[in-house]
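**Q** Please read through the structure below; I'll follow up with questions.
The values are calculated or read from the model by the stated rules, or taken from the named source; none is laboratory data. Predicted model, so just to flag it, every value in this text is computed and none were measured. Reconstructed Cβ throughout: ideal geometry from the backbone, glycine too, with neighbour counts over all protein chains shown. Accessible surface is based on the protein model in full, side chains and every heavy atom, while ligands, DNA and RNA are left aside. Shrake-Rupley method; radii C 1.70, N 1.55, O 1.52, S 1.80 Å.
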Amino acid sequence: QGYEDSGSLTAEKLKKLKGIGFGTILSYDEMYQKLAVHRAERGTLDVNPKEDEELFMWTKEQKKILAQHYSGQSVPLSKDRIKNLESLGFKKHKSDEARPYRVIDAASEERKWDAMLEDLAEYKRDRGTLSFPTDGGALTQRERLLKHWVAL
């Protein structure tokens, strides 16, 4: 199976591929719709490759293209398609100098933030404070994670 990559396959080319038995070829719009349904059903843009390898690979490619776009490179996606992907929840995320931008699922990041906030509130309920021990060696793994998260 394959998909129409960024609109580069014409209807004639798709017909020729199908004619030699290439199998089902989904258009960009069909893959986008498939991802939109996945997002609506699961609340995430993360696709498990064991469940849908084709959608996983397509989504991975879109993230790669968006990251290139955010880095100022020319990409094979129209501005409308970029806006459509962003409307699903993809957004740019500044990471580091080696890879200045990566693309993340905004909803997944929001859930992670909410989970950390909940853990921090639980920590305060348990300890009565949001202060962490000053001796770095005495910190539990949970305390190190929370301290790092709070510092961000």
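**Q** Contact list please: Cβ distance under 7 Å, first residue in the range 58-70 and more than 19 Å from residue 30 (Cα to Cα), second residue assigned to a helix (DSSP H, G or I), pairs at least six apart or on different chains.
**A** 69/82
**Q** Just one of 34, 64, 79 is over 12 Å from the mean Cα position of the chain (by Cα) and loosely packed, with under 14 Cβ neighbours inside 10 Å; which is it?
**A** One residue alone meets the criteria, 79.
**Q** Identify, please: which residue in the range 39-57 is under 15 Å from residue 84 (Cα atoms) and not charged (D, E, K, R) and is, among those, most open to solvent (accessible area, probe 1.4 Å)? Walk me through it before giving the result.
**A** Our first condition is that a residue be under 15 Å from residue 84 (Cα atoms); within the range 39-57, this holds for 39-40, 45.
When the remaining residues are screened for being not charged (D, E, K, R), the result is 40, 45.
Details: 40: 87, 45: 1 Å².
So the residue we want is 40.
**Q** So, in the range 95-111, of the ones that are open to solvent by 70 Å² or more (accessible area, probe 1.4 Å) and in contact with a helix residue (DSSP H, G or I) (Cβ under 9 Å, 6 or more places away or on another chain), which residue ends up modelled with the highest pLDDT?
**A** 102
**Q** So, in the range 22-38, how many residues would count as being over 18 Å from residue 80 (Cβ atoms) and not in a helix (DSSP H, G or I)?
**A** Residues that pass the stated criteria total 5.
**Q** Follow-up question, since we're still on this one. Considering every residue within the range 129-138, establish whether at least one is open to solvent by 90 Å² or more (accessible area, probe 1.4 Å) and modelled with pLDDT of 70 or more.
**A** Scanning the range 129-138, I find at least one residue that is open to solvent by 90 Å² or more (accessible area, probe 1.4 Å) and modelled with pLDDT of 70 or more, so the answer is yes.
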